[in-house]
Amino acid sequence: MRVLKFGGSSLANAERFTRSADIIVSNAKQSGTAVVLSAPAGVTNHLVAVVETVSQGLDGTSHVKAIEQTFQELILQLHIQYPNLESEPLLALIHNELAQLQQLLHGVSLLKQCPDNIQARILAFGEWLSINCMLQLVRAMNFNAELIIPQQMLLADQGGYLEAQVDIDQSKQRFAQGNFELDCIYLMPGFTAANSKGETVVLGRNGSDYSAAVLAACLDAKCCEIWTDVDGVYNCDPRVVSDAFLLKSLSYPEAMELSYFGAKVLHPKTIAPIARYHIPCLIKNTFNPQGEGTLISQLSSDAEQYGVKALSSLDEMSMLTVSGPGMKGMVGMAGRVFNAMARSQVSVALITQSSCEYSISFCIYSQDKSQAQQAVAAEFDLELKNNLLEPLETIDDLAIITLVGDSMRTNKGVSARFFTALAEASVNVVAIAQGSSERSISAVIPQQRSAEALRSCHQNLFDSRQYIDVFLVGCGGVGAALLEQIEQQQQHLAQQQIKVRVCAIANSRQMLMNAKGIDLSNWREDLNQAGLQHGFSLQSAAQLVAENHVINPVIVDCTSNDAIAMQYALFLDHGFHVVTANKKANTASMAYYHQLRQSAMANRRKFLYDTNVGAGLPVIENLQNLLRAGDQLLRFNGILSGSLSYIFGLLDEGLSFSQATAQARANGFTEPDPRDDLSGMDVARKLLILARESGLDLSLDDIDVQAMLPADFDSEGDVEDFMERLKQTDGHFKDKLEKAQRDGKVLRYIGQIENGRCSVSLLEVAEDDPLHRVKDGENALAFYSRYYQPIPLVLRGYGAGTAVTAAGVFADVLRTLNWKREL
Ligand code: ADP
Ligand code: ASP
Ligand code: MG
């Protein structure tokens, strides 16, 4: 004998109903078959809703109408396909049954409340109507079929009317007296049983799975098949994690743990009966009967990573905490909590006790909250009155995320990975618990983050790919070059299991967004046509992240905009990493400078700005590494401007200052207005960033920027006029250069840090100085430190240009992943 159970999703309409019937009859041709059915999807929800509505004195007709329509439509359609189906008596049965339902509801409306025994009778209607339809359909298909009435066969005295538990030994005896023919299909409504008074009880929402397991145990079935709308049990809820994968097999304890902690595909009570009688259980898809499904049995054979088999989540939980000085050394506190819950019939999903015995926290379903609170208050009444305990604390809107796997206990580092994944998704962990079997680890988290948490854990534990979601602000030279580099590198990164998706591109006027990743071959046109007629909007970006549960979002600032820079702290607080080529944030007030680092730390996000100094040259990270390892910056000398490096290099070759500046401008080395370079402010900003990095508490005003142009030179007005007038300075620079050359020196525009002070000035540089030969647009940075002296650590190379800067930004973007897989 095999038991086949079809869930509501497999019975939702006539087409699905006949699919299920086809599976039943084809099974019946090969072996004895018993069937358990749910109500068609949605019917039990209507029954629950009608009880609630009518109990409040409101009109519940629409719910009953909806149920009636579901069945009428079902029967009409079935009749079209199977004209010999006895639709008239079936329609009459439905009509009569619904009339009885109305009568019960009338009673409820008079009472303005619904006692549990009546509610159980009402909730069982869906299954009863459903099984009668299947009985007629199977008969219309010319198969012999009979009903099993669960109220007569399944005895359930425990668990009350609504969460009843079947006494399998007693029920088995009843079945033993029956005579079950192999050529007859036996059909039993799920979800339903009766107590010893013969009153109808129900087995808890989703309880038809349990009915099937009980029936399989009672009939000594060879197999229990649960037919549903997915291919089997996945390692994670496939609705939440799209790349969840199908599990071939699960052990009974694994399945029990998974269903207990929220995998809806199986009701938690299903496993005990089949495990007790060693009945294999197959989860199969009604819409893909050829699929192998998932086998639940003694042993599981799937290969596992880290011993973790699957992940699940339970939503709508509340956590109660009993705490206080009176708990220290008090014996049996946990027992008293459990007893109080058992007495009030509240099931406890998870419990943790702090090791100092100062508090006990436990999670329950939110719907049981007030019952639980009352029960705890009553149990600890004396202690509470005497202030031995603090007032009971309750936290709502929680979810429990659980990792399940038989061999987790023999694998090290699983919990570390689990909690790293939660941290990475910026999920706050409220409490943790490990099952004593070490078959599961659970974390209690805020419910609104449960999808992100599941995705992040799935990615860390099962998926070797890592994702970065880029939100680019500013798509001028550097931004555009970055997009080009990201596009070019995709394949190479894919080999390293890294996927960079560009989810947003914004300029000052428009913003283009796509959660699945923007097509980078055509972004300019798409951006021009983008619907969002504003520049970058944090609100839109945050909404995209929230709606799509993006877990590694990075805002990349390739502008030089002040307003964007002043929002970084907000970006970090919203869970974005920030990567920037823009120097404005790091040179704003010292308070903001600290705030950014604190926000990054508090939100476990990265704030990266390696291109702020020396563009693509690896300056900041190297300096940070040195300082972290105990080095100390004693002195710094550097050529920090590519344009000025170019200009003074040309002076060495005999060009005049105005010629050199014009040539630098023509070659695109300077800003469109070269005065932005010549003012020295850009160099001052870079120097300030280095100074702050090495621990100095300075601001831009503290930097001594010595004017490069002679004091009496008029540098106002139009750019072209300025360039023309610049010839007047040629003599000044010629004199300076000749003076330097007399001592074998050259002129270089240099930023210096020494004795806690910063200056930017035009200096004479001797031949033995590492900066002497630096020209042609190169940057060079000489760090004299405790470890590096008298010969300094010199970083040298092109420190400007869109391609190298974009590559530096790209490297920072990839660095957001750095801390992930180091465990
Ligand atoms: P039925 O109507 O057949 O009883 P349910 O809706 O009760 O179906 O259960 C099937 C659903 O369980 C699937 O559609 C899926 O969304 C959900 N589910 C949650 N976790 C898992 C998991 N780990 N594996 C498979 N399905 C899961
Ligand atoms: N019909 C019941 C419910 O929706 C039982 C079941 O489908 O398993 O909860
Ligand atoms: Mg179900």
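The values are calculated or read from the model by the stated rules, or taken from the named source; none is laboratory data. Nothing here was measured: the structure is a model prediction, and the numbers come from that model. Cβ placement follows ideal geometry from the backbone for every residue including glycine, while neighbour counts extend to all protein chains displayed. Keep in mind that these areas ignore ligands, DNA and RNA; they rest on the heavy atoms of the full protein, side chains included. Shrake-Rupley method; radii C 1.70, N 1.55, O 1.52, S 1.80 Å.
A few comments on the model shown:
- Selection of the stretch 427-482 for residues being in contact with a Lys or Arg (Cβ under 9 Å, 6 or more places away or on another chain), surrounded by fewer than 18 Cβ atoms within 10 Å (Cβ to Cβ) and within 17 Å of residue 404 (Cα to Cα) yields 437, 438.
- Some residue of the stretch 639-653 being modelled with pLDDT of 95 or more and within 47 Å of the chain's Cα centre (by Cα): yes
- Members of the stretch 686-707 that are in a helix (DSSP H, G or I) and either surrounded by fewer than 21 Cβ atoms within 10 Å (Cβ to Cβ) or not basic (Lys, Arg) (or both): 687, 688, 689, 690, 691, 692, 693, 700, 701, 702
- The stretch 733-768, residues that are among the charged types (D, E, K, R), under 53 Å from the mean Cα position of the chain (by Cα) and within 20 Å of residue 794 (Cα to Cα): 748, 754
- Residue match in the stretch 579-597 (condition: closer than 18 Å to residue 507 by Cβ and under 19 Å from the mean Cα position of the chain (by Cα)): no
- Among the criteria (1) away from ligand 3 (no atom under 16 Å from the Cβ); (2) touching a strand residue (DSSP E or B) at 6+ places or on another chain (Cβ under 7 Å); (3) among the polar types (S, T, N, Q), the one residue 242 does not fulfil is (2).
- Single residue of 255, 217, 176 found to be under 25 Å from the mean Cα position of the chain (by Cα) and not basic (Lys, Arg): 255
- Taken together, 496, 485 contain a single residue that is in contact with a helix residue (DSSP H, G or I) (Cβ under 7 Å, 6 or more places away or on another chain) and surrounded by fewer than 21 Cβ atoms within 10 Å (Cβ to Cβ), which is 485.
- Within the stretch 473-519, the set of residues being assigned to a loop (DSSP other than H, G, I, E, B) and closer than 18 Å to residue 808 by Cβ comprises 474, 475, 476.
- For the stretch 283-317, the candidate set comprises residues that are away from ligand 2 (no atom under 16 Å from the Cβ) and at positive phi; within that set, the residue that is modelled with the highest pLDDT is 293.
- Residue in the stretch 777-799 that is in contact with a Ser or Thr (Cβ under 7 Å, 6 or more places away or on another chain), at pLDDT below 95 and over 16 Å from residue 619 (Cα atoms) present: yes
- Taking the stretch 638-672 as the range and being closer than 25 Å to residue 689 by Cα, open to solvent by less than 10 Å² (accessible area, probe 1.4 Å) and not in a loop (DSSP other than H, G, I, E, B) as the test, the residues that pass are 638, 639, 642, 643, 644, 645, 647, 648.
- For beta carbons closer than 6 Å, sequence separation of 6+ or different chains, a first residue in the stretch 5-31 that is open to solvent by less than 50 Å² (accessible area, probe 1.4 Å) and within 13 Å of ligand 1 (Cβ to nearest atom) and a second that is hydrophobic (A, V, I, L, M, F, W, C) and in a helix (DSSP H, G or I), the qualifying pairs are 5/212; 11/17.
To keep it simple, each residue is scored yes or no on (1) closer than 29 Å to residue 154 by Cα; (2) within 11 Å of ligand 1 (Cβ to nearest atom); (3) not aliphatic (A, V, I, L, M).
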site: 223; (1), (2), (3): yes, no, yes
site: 240; (1), (2), (3): no, yes, no
site: 244; (1), (2), (3): no, yes, no
site: 285; (1), (2), (3): yes, yes, yes
site: 288; (1), (2), (3): no, no, yes
site: 296; (1), (2), (3): yes, no, no
site: 313; (1), (2), (3): no, yes, yes
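- Among the residues of the stretch 412-455, those identified as in a helix (DSSP H, G or I), in contact with a His (Cβ under 9 Å, 6 or more places away or on another chain) and either aromatic (Phe, Trp, Tyr) or more than 18 Å from residue 350 (Cβ to Cβ) (or both) are 421, 451, 452, 455.
- Strands (runs of 3 or more DSSP E) wholly inside the stretch 175-278 containing at least 1 residues that are open to solvent by less than 10 Å² (accessible area, probe 1.4 Å) and under 24 Å from residue 364 (Cα atoms): 200-202
- Summed over the stretch 565-593, the residues that are of a type in the set (A, V, I, L, M), assigned to a helix (DSSP H, G or I) and open to solvent by 20 Å² or more (accessible area, probe 1.4 Å) give a count of 3.
- Total residues in the stretch 594-607 satisfying the condition of being assigned to a helix (DSSP H, G or I) and open to solvent by 20 Å² or more (accessible area, probe 1.4 Å): the figure is 6.
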